[in-house]
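As structure tokens, the structure follows; a few thoughts come after it.
The values are calculated or read from the model by the stated rules, or taken from the named source; none is laboratory data. Because the structure is predicted, anything quoted here is derived from the model rather than measured. Cβ placement follows ideal geometry from the backbone for every residue including glycine, while neighbour counts extend to all protein chains displayed. Surface areas here come from the heavy atoms of the whole protein model, side chains and all, with no ligands, DNA or RNA. Shrake-Rupley method; radii C 1.70, N 1.55, O 1.52, S 1.80 Å.
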Amino acid sequence: RWHQPAYAHATVSPDGRTIALCAARNNSISRMKNAIWLVDVASGRTQRAGSPWQRFWLSLPYTPRMEWSRDSQELQVFGNPVRRLENLPPNGDGGAVEQWTIRVADGAMEKTKGELDSRWISCLADGTKAVYTPTAWEFTDGTTGEVHRCLHPPAGYQVNGQLSQPRSFQCDHAMLVVAFDLSPGGIATCHAWEASPELAQASHRELPLRLVFFPAPPYPLAVSPDGNWLLLSVREPGSQPVWVASLADGTYRPVDLTGESRSVPPFFTPDSRLLVVRRPDRLEIQEVTTGHWRTPIPLPFLDQPASDLVIQRFPDNPHLLVANGLKAISVLDLEKGTDTPVFTPPVQRHDRSREVSVLWAGQDRLLIEHQYPYQLWTVNADGSNPRKVLP
């Protein structure tokens with residue numbers, strides 16, 4: 001029987017057939033109890049995973065970390081028992097977490113791993129799980145369960161000279177670590193380490209990115225999903241604030257951000273072909289390999305504050321973006337340059353960031369998650385066939 005949760009979070013299986021829903025019974029961490037439910041998208045039928053209302057903390061603020069297997073038959077849940085909450089560090093980081101596995105067929109839930117570093121758990125495009133350990137990246141095949149270790153460099157992610165703080169990025173087929181070596185003359189050289197299931201030890205590349213940056217080093221913002229392009233910001237007075245660089249040959253070019261929305265940095269599409277720059281009233285699209293700018297796409301919902309409009313992308317369809325606004329949700333097609341309204345929330349929204357989220361449900365479908373009261377809806381990306389799944 002359905003009871004309204006204090007807070008809930010959903011995730012959709014890769015085949016789009018099952019929704020995993022983690023519901024919190026109350027908002028008090030000291031008394032928090034969670035239940036994980038599996039929902040069949042077609043029929044709305046639900047089954048509970050594991051025991052009811054476990055005293056099990058997942059992460060702050062009440063949003064669980066859940067990863068599907070590639071074949072959609074298992075779900076990995078990462079979290080901590082409530083007994084550890086008393087020893088949380090001041091920054092709220094949960095530290096080491098436990099991994100629990102749920103079988104979709106019967107809803108059975110069992111602990112499979114413990115003491116994982118909660119800051120370094122990623123999932124590659126093929127379903128391979130990547131976990132950072134002190135000595136290596138551990139890659140677990142999502143189908144066979146086989147574990148492969150890719151050792152860190154003997155000296156760690158360091159080079160001679162003063163090195164900026166390394167940043168890790170998840171790509172489709174590897175984990176990439178990027179840092180900049182600062183020479184006395186203020187010239188920054190880019191270093192990239194790649195760790196993948198095919199490598200016994202992380203490989204290292206020194207890229208001929210030799211620009212003068214002063215007084216601070218450039219900062220890597222993003223790496224394209226294919227691992228071939230780097231987006232970085234610079235702090236050199238009078239320079240373009242953002243550059244896009246090839247990680248293959250070290251060539252680079254500036255990206256004009258005059259008038260862009262500072263709260264949303266440029267981002268790559270999931271197929272790594274396009275770079276999207278958000279302006280106050282439009283999206284500008286640049287072809288990554290050529291630098292050619294396409295016709296801009298006007299943004300919807302310009303009668304609301306820009307901070308209340310969230311632009312989302314989905315790996316399964318690199319041409320579609322979702323504009324999640326206070327009043328409605330639209331789908332933007334980057335190839336056709338179109339804007340299609342697809343959904344109007346049934347309840348007036350006041351705080352968009354907490355109340356409505358959009359997930360990709362596969363087969364060009366969206367899953368709309370509405371808090372307060374909690375509801376789940378599905379709708380096709382062209383706006384057709386809206387359907388309430390829960391309650």
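Observations, loosely collected:
- Checking every residue in the stretch 134-144 against the condition of being at positive phi, open to solvent by 50 Å² or more (accessible area, probe 1.4 Å) and at pLDDT below 85 gives zero matches.
- Residues being more than 22 Å from Asn228 (Cα to Cα) and in a loop (DSSP other than H, G, I, E, B) - total across the stretch 284-333: 14
Residues are listed down the side, and each one gets a yes or a no for (1) surrounded by 12 or more Cβ atoms within 10 Å (Cβ to Cβ); (2) at pLDDT below 75; (3) under 21 Å from Tyr219 (Cα atoms):
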residue	(1), (2), (3)
Ser261	yes, yes, yes
Phe267	yes, no, yes
Pro296	yes, no, no
Gln304	yes, yes, no
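- Scanning the stretch 152-162 for residues that are open to solvent by 70 Å² or more (accessible area, probe 1.4 Å) and modelled with pLDDT of 70 or more yields Pro154, Ala155, Gln158.
- Residue that is least open to solvent (accessible area, probe 1.4 Å), among those in the stretch 181-202 that are charged (D, E, K, R) and at pLDDT 90 or above: Glu194
- Matching residues in the stretch 16-35 - criterion: being out of contact with any His (no Cβ under 9 Å at 6 or more places or on another chain), at pLDDT below 85 and either open to solvent by 10 Å² or more (accessible area, probe 1.4 Å) or assigned to a strand (DSSP E or B) (or both): Asn26, Asn27, Ser28, Ile29, Ser30, Arg31, Lys33, Asn34, Ala35
- Flag if Val178 is β-branched (Val, Ile, Thr), closer than 22 Å to Ala136 by Cα and at pLDDT below 90: yes
- Test result for Pro225, under 30 Å from Lys336 (Cβ atoms), modelled with pLDDT of 80 or more and more than 23 Å from the chain's Cα centre (by Cα): no
- Residue check, Trp53 modelled with pLDDT of 85 or more, in a strand (DSSP E or B) and more than 30 Å from Thr135 (Cβ to Cβ): no
- Which listed residue is out of contact with any strand residue (DSSP E or B) (no Cβ under 8 Å at 6 or more places or on another chain), at pLDDT 80 or above and of a type outside the set (D, E, K, R), from Thr338, Thr289: Thr289
- Looking across the stretch 354-389 at every residue that is more than 20 Å from Arg17 (Cβ to Cβ) and aromatic (Phe, Trp, Tyr), the one that is modelled with the lowest pLDDT is identified as Tyr372.
- Flag for Asp351 being open to solvent by 50 Å² or more (accessible area, probe 1.4 Å), at pLDDT below 80 and acidic (Asp, Glu): yes
- Residue within the stretch 228-247 that is outside any strand (DSSP E or B), modelled with pLDDT under 80 and within 25 Å of Val322 (Cα to Cα) present: no
- The stretch 88-128: number of residues that are farther than 28 Å from Arg167 by Cβ, open to solvent by 60 Å² or more (accessible area, probe 1.4 Å) and either modelled with pLDDT of 80 or more or in a helix (DSSP H, G or I) (or both): 4
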